[in-house]
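The values are calculated or read from the model by the stated rules, or taken from the named source; none is laboratory data. Computed from a predicted model, the values in this text were never measured in an experiment. Here the Cβ positions follow ideal geometry from the backbone for every residue, glycine too, while neighbour counts run over all protein chains shown.
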Amino acid sequence: MKNSKAAVEEPEDHRVRVGAARRNKTRLLLLESALGVLHDKGPDAAVIEDFIAAAGVSRGTFYNYFDTTSELLLALATEMSNEVLATVDPIVLSCSTPVERFSTGTRLYMQMATRYPLWGSFLNRVGTRIATRGQLIEKYLTRDLTEALAADLIKVDNVLVARDMVLGSIFYGIETMVTEPTHANHSEQLMRSILRGLCVPDKVADDVAYAPLQSIESIDGPIFSRLKQNVPKVMAIKPSKKVTPPGSTNAKAPSKKAA
């Protein structure tokens, strides 16, 4: 009897697994297709018809997974941010101090937004309300800032103030990096200014903001694995502080023409 019962249950378990895999595949198809729609139309202009047309599914299929376009946006933001953090946070946790951790995490997160233009465009369009509120990036950043404040490595009245400073800078900085002509050192300069604003000594702020980052070849996740990425730029080099003042005797004198 036991063998007979197992033989009945095994096909049922197989059907359950196949059904779950099919549902997950359709959900990922909706999320991936939504990214392209949002890039082209933006979150305010896009409607459900755009999403079902891009995914090639019926309206009923869409409603099997999401009740509204807002729910789809939140799911996409959560899925993609979590995929990035699954790669970034282990690197962050290998850093020695909480200041190094939130600096490294911030720079890597911003770097990925420029490496993957569709994701950077998505973050720029949906804003911080969807991209950060209640997301893991908010949780991880608050974790590191809380430890930095407890260790007296930063000075701020409230950890939430520090959190808002950093998160606001991350997403406004990403917007600048994906929409305006800027330079390779933008995230480093931004982080150095944040650290100084949190009363981190100048020397430490410089060293932490310009510390070499561990290389990330790609984000391994169901959505990111299908996205095209830009070729990584050459690592930003900390600018030299040695500046030769005008009129200095160390300045190279112009050559004189022979008489």
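Among the helices (runs of 4 or more DSSP H) contained in region 136-238, which hold 1 or more residues that are of a type in the set (A, V, I, L, M, F, W, C) and touching a residue at least 60 places away in the same chain (Cβ under 8 Å)?
Values: elements: 136-150, 159-179, 186-197, 202-209.
Because the criterion is at least 1 residues that are of a type in the set (A, V, I, L, M, F, W, C) and touching a residue at least 60 places away in the same chain (Cβ under 8 Å), the helices (runs of 4 or more DSSP H) in region 136-238 that meet it are 159-179, 186-197, 202-209.
Among (1) at pLDDT 90 or above; (2) out of contact with any Asp or Glu (no Cβ under 7 Å at 6 or more places or on another chain); (3) buried (at least 16 other Cβ atoms within 10 Å of the Cβ); (4) not charged (D, E, K, R), there is one condition Leu160 misses while meeting the rest; what is its number?
(3) is the only condition that Leu160 fails.
Considering region 42-63 alone, what residues qualify as being surrounded by 14 or more Cβ atoms within 10 Å (Cβ to Cβ) and over 30 Å from Gly105 (Cα atoms)?
Ala46, Ile48, Asp50, Phe51, Ile52, Ala54, Ala55, Val57, Thr61, Phe62
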